[in-house]
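Quick one: this structure, given as structure tokens, is what I'll be asking you about.
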Amino acid sequence: MQIRENVSLKPYNTFGIDARTRFFAEAMTEEAVISIAESLEEVHHPLLILGGGSNILLTKDFQGTVLRVSAKGIRVIRENEENVWVKASAGENWDDFVSYCVAQGWGGLENLSGIPGNAGTSPVQNIGAYGVEMSDTFDMLEAFDLETKERRTFLKSECRFGYRESIFKLQFKGRYIILNVTFCLRKKPLLCLDYGNIRAELERMKRGVPRVADVREAVCRIRSRKLPDPVVTGNAGSFFKNPVILPEEFERLKGTFPGIISFPQENKIKLAAAWLIEQCGWKGKRKGEAGVHSVQPLVLVNHGNATGKEILELSEEIKRSVQDKFGVTLETEVNVI
Ligand code: FAD
Ligand code: EPU
């Protein structure tokens, strides 16, 4: 195992923040993840588990060890006439994994195309897009418990998946290293085309009866118009969650702000945070090197050399103005380190 010292994390986070870590190790296999995690005990604490770095904001140098999980591998572990169970190692790139499944014609992940990060991180915030969440096809995962030093299996019912939420973001935050995730996909896909402008995009593409590969392409095309490419402009996707509020609170807001954009969410209402932020005048605004994206104001961006602290301060100002204007609290989606 090679442990490097005083390493810049700039290449390892999509915000492109130049924070440093005292120690840095990368694990290329699941066994290496476990042996590094065990050997680091006591010596190099604290430990930060890193995947693709696309959902973190580094606000200072890290005084411990960053363990980057890069274990690769995709394996079919079971199948029947209807379904196929596919296991991805945690360090497998998420979109490469989706692309592989789509190429086999398996259905279930195509709407989640184009999301950065690792397969092993996908359960942490139960990634979602275009009407689908990872939990819809999740079967189980294996993780290493940093407290008991044992491997453990988590079934879906144990993960407490919700909107951008799971047990790994709540009471088990930082306790488990996810080693691999198994998904149950459909051999005869059921396409989910009702969200946003997927149908309109498919019509523009003129492919006739859509297949999973067409849905993947449509989603990628929509995403590339809306979201900044982290290779060009540092960002971590939506910085905040869309607020979910009670119907009575929504009625009050709708009375004052008839144009408010909302979506039903079980027996609650989900507000479009992008609209709230835009109404507060933030869209496209810039404070030094930190900014608000000009197309999708839910995304905060690094225009060049912003520090994590500057981006965090900007996010707090945005939160305050949304609170003052609408009485709505924005919750941060990104993991602030
Ligand atoms: P990291 O940023 O490396 O880590 C995130 C958190 O998970 C950290 O707290 C880390 O400690 C922990 N973690 C990482 N790996 C493990 C592991 N193996 N075990 C346990 N904990 C771990 N998200 C969506 O849901 N939907 C979207 O549509 C979407 N679009 C995006 C678009 C862009 C342009 C960007 C930059 C981001 C977007 N995201 C989206 C956010 C992000 O891609 C996801 O949250 C992704 O799952 C993060 O994966 P990662 O490997 O990069 O995580
Ligand atoms: N809107 C505005 N002003 C704008 C932009 C958008 O009012 O400048 C309104 C739009 O009219 C639209 C609504 O906001 O009706 C929602 O916008 P969009 O469809 O772009 O989606 P979002 O709610 O902002 C969510 C996820 C994204 C995911 C997309 C697609 C969250 C926090 N974000 O964004 O996930 O890709 O839907 O499903 O739920 C992420 O989590 O990092 C992420 C990018």
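No value in this document is a laboratory result; all are computed from the given coordinates. Owing to the predicted nature of the structure, the values given are computational and were not obtained by experimental measurement. FYI the Cβ positions are ideal-geometry reconstructions off the backbone, even for glycines, and counts take in every protein chain you see.
Tell me, how many Å apart are the Cα centres for region 252-282 and for region 150-179?
Measuring centre to centre over Cα atoms gives 30 Å.
Taking the radius of gyration and the Kirkwood hydrodynamic radius from Cα positions alone, what is the Rg/Rh ratio for the chain, to two decimal places?
Result for the chain is an Rg/Rh of 0.97.
I would also like to ask the following. When the Kirkwood radius is taken over all Cα pairs of region 267-320, what Stokes-Einstein diffusion coefficient follows at 4 °C and 1.567 mPa s, in µm²/s? List each step's numbers first, then the result.
On the way: Rh = 11.4 Å.
Calculated translational D: 113 µm²/s.
Report the residue, chosen from VAL295, VAL209, VAL244, that carries the largest GNM mean-square fluctuation when the chain is represented by alpha-carbon nodes joined by springs under 10 Å.
With Cα springs under 10 Å in the chain, the top fluctuation among VAL295, VAL209, VAL244 is at VAL209.
Here's a follow-up. Looking at the P(r) of region 13-86, how many percent of alpha-carbon pairs lie beyond 21 Å? Could you put the intermediate results ahead of the total?
On the way: 1113 of 2701 pairs.
Beyond 21 Å sits 41 percent of the P(r) for region 13-86.
Label point 7 Å out from ARG186 along Cα-to-Cβ: which residues of region 63-96 have amide N under 18 Å?
Counting backbone N atoms under 18 Å from the label point, the list is 79-86.
Still on this model: Please order ASP139, ASP61, ASP214 by the number of other Cβ within 10 Å, starting at the fewest. Please list the in-between numbers first.
Values: ASP139 17, ASP61 13, ASP214 20.
By the 10 Å Cβ count, ascending: ASP61, ASP139, ASP214.
So for the chain: antiparallel DSSP bridges make up what percent, rounded to the nearest 5?
Details: 49 of 61 bridges.
Taking every DSSP beta bridge with both residues in the chain, the antiparallel ones total about 80 percent.
Can you give the FRET efficiency to the nearest 0.05 for HIS45 and THR256, using r as the Cβ-Cβ distance and R₀ = 45 Å?
Numbers: r = 50 Å, r/R0 = 1.10.
Computed FRET efficiency for HIS45 and THR256: 0.35.
Quick one: among HIS45, HIS303, HIS293, which has the greatest mean-square fluctuation in a GNM of the chain with alpha-carbon springs under 10 angstrom?
Ranking HIS45, HIS303, HIS293 by mean-square fluctuation puts HIS45 first.
With springs connecting C-alpha atoms under 10 Å apart, model the chain as a Gaussian network and identify which of ILE311, ILE198, ILE77 has the largest mean-square fluctuation.
Highest fluctuation of the listed residues: ILE77.
While we're on this one: Could you tell me what a quarter of the Cα convex hull surface of region 74-186 works out to, in nm² with one decimal place? Present the calculation step by step, with values, prior to reporting the outcome.
Values: hull surface 26.7 nm².
So the mean shadow area of the Cα hull is 6.7 nm².
Order these peptides, 259-265, 180-186, 278-284, 3-9, by their mean beta-carbon neighbour count within 10 angstrom, highest first. If you can, show how the numbers build up before the last one.
Numbers: 259-265: 12.9, 180-186: 21.3, 278-284: 16.7, 3-9: 14.4.
Descending packing order for the listed peptides: 180-186, 278-284, 3-9, 259-265.
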